[in-house]
Amino acid sequence: MKKQELQFDDICSLLDINNSADELYALADEITKETKGNTVNVRGIIEFSNYCNRNCAYCGLNCHNTTLGRYRMSPDEIIETALEASDAGYKTAVLQGGEDPWFTADVFCHIIKEIKSKRDIAITLSAGEMSEEDYAAIRKAGCDRYLLKHETTDKDIYSKLHPGYNIDDRLNCLRTLKRLGFETGGGFMIGLPEQTAKTIANDLLFIKSVPCDMAGIGPFIPHPETPLKGCDSGSTELTRRAVAIARILLPDINLPATTSLGVIDKEERNKVFSGGANVIMKKVTPEKYRKLYEIYPVNHGKIKSVAEERAEINELLASIGKEWD
Ligand code: SF4
């Protein structure tokens, strides 16, 4: 397989699991080594609130899930956790939460400025859709990156999964974030009901069109307290193919080996580092909140200190021949 501009039909063919993907993975790995070297960026996620106004049909945090205990970290707790993550070696703190109206743009600006005044650390915010004015204020406060997974560009699938919401609003948010100078992250799930190879090809081409600076591509995992509880999880093989295609489409993009891929199969997650991925996200959320941030079911195992868990990630990356930053 040669480096070439992939078109819609090429992408559909590469996503066909009846076709071998060996050459696809080899090319994605070659491009990753050229653009990112052998280094994996490790990023610390602080899940600051599991309150959410929205009703995404796949997500355990959706506002109709009354079985979930809700929590909201205080700004001081968020700042302290980010400082702890920085001291443990993280160079990026990803502040991620539901669409919780308690967190206004002013609150985010305060948190971002405080963290930035105390540590040299990049900040990614992932807090959903906001007005252009709010995004601009957050950017001005020093926020470097914004992650807003679009989940699917298919209008019908999007409206079934997000009753009352419009895909165009979401895609426009991503374009606005890009225009405001954020490193902009999109992303989508593999294995949503009614999704086809054509849907995934359109999702990949949308990421290229923004163009996104990062993309989270992970398998769907059903949550028992959601309308999609009876559905099957997404394919790890298809997820790995989509990551590899994203690397070919956008050689410089940052692509995580997503947490959801690791939840289904850790070996599959590790393989994606030799097929396009160059980022791994690790939760640094305080232990008392971790089990409550359940977009999909996760076995958290024994939760250790932020520094111990960071050391484990470094060991994992060393064991697969990677360096880290
Ligand atoms: S996916 Fe995000 S916006 Fe949707 S319900 Fe979950 S936390 Fe809220």
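The values are calculated or read from the model by the stated rules, or taken from the named source; none is laboratory data. What you see is a predicted model, and the numbers here were worked out from it, not measured in a lab. Quick reminder, even Gly has a Cβ in these numbers, built from the backbone with ideal geometry, and neighbours come from all protein chains shown.
Cβ-Cβ contacts under 8 Å between residues 6 or more apart (or on different chains), taken from a first residue in the range 131-144 that is touching a residue at least 40 places away in the same chain (Cβ under 8 Å) and crowded, with 16+ Cβ neighbours inside 10 Å to a second residue that is part of a helix (DSSP H, G or I) and polar (S, T, N, Q), are listed as Tyr135/Thr176. Screening Cys56 against (1) of a type outside the set (Phe, Trp, Tyr); (2) surrounded by fewer than 18 Cβ atoms within 10 Å (Cβ to Cβ); (3) closer than 30 Å to Glu194 by Cα leaves a single unmet condition, (2). Being of a type in the set (S, T, N, Q), part of a helix (DSSP H, G or I) and more than 29 Å from Leu316 (Cβ to Cβ) is a property that does not hold for Ser86.
Can you tell me which residue is modelled with the highest pLDDT among those in the range 249-274 that are among the charged types (D, E, K, R) and not in a helix (DSSP H, G or I)? Only one residue tops the list, namely Asp252. Hey, could you check the range 280-325 for residues that are surrounded by fewer than 17 Cβ atoms within 10 Å (Cβ to Cβ) and hydroxyl-bearing (Ser, Thr, Tyr) and say which is nearest to Arg70 (Cα to Cα)? For the range 280-325, the residue satisfying everything is Ser305.
Among the residues of the range 18-51, how many are part of a helix (DSSP H, G or I) and either more than 17 Å from Lys271 (Cβ to Cβ) or of a type in the set (A, V, I, L, M) (or both)?
The first filter runs over the range 18-51 and keeps only residues part of a helix (DSSP H, G or I), leaving 22-36.
In the following step, the residues that additionally are either more than 17 Å from Lys271 (Cβ to Cβ) or of a type in the set (A, V, I, L, M) (or both) were identified as 24, 26-28, 31, 34-35.
Result for the range 18-51: 7.
Looking at Ala246, Ala215, Ala277 in this structure, which one is assigned to a helix (DSSP H, G or I) and either buried (at least 22 other Cβ atoms within 10 Å of the Cβ) or of a type in the set (Val, Ile, Thr) (or both)? It would help to see each step written out before you state the result.
Numbers: Ala215 fails: assigned to a helix (DSSP H, G or I); Ala277 fails: assigned to a helix (DSSP H, G or I).
Residue meeting the stated conditions: Ala246.
Name the pairs: first residue in the range 88-99 and touching a residue at least 40 places away in the same chain (Cβ under 8 Å) and over 23 Å from Arg54 (Cβ atoms), second residue within 14 Å of the ligand (Cβ to nearest atom) and of a type in the set (Lys, Arg), Cβ to Cβ under 8 Å, at least 6 apart or on different chains? Pairs that qualify, where the first residue is touching a residue at least 40 places away in the same chain (Cβ under 8 Å) and over 23 Å from Arg54 (Cβ atoms) and the partner is within 14 Å of the ligand (Cβ to nearest atom) and of a type in the set (Lys, Arg): there are none. Any residue at all in the range 19-38 that is farther than 19 Å from Asp252 by Cβ and polar (S, T, N, Q)? The answer is yes, given that some residue of the range 19-38 is farther than 19 Å from Asp252 by Cβ and polar (S, T, N, Q).
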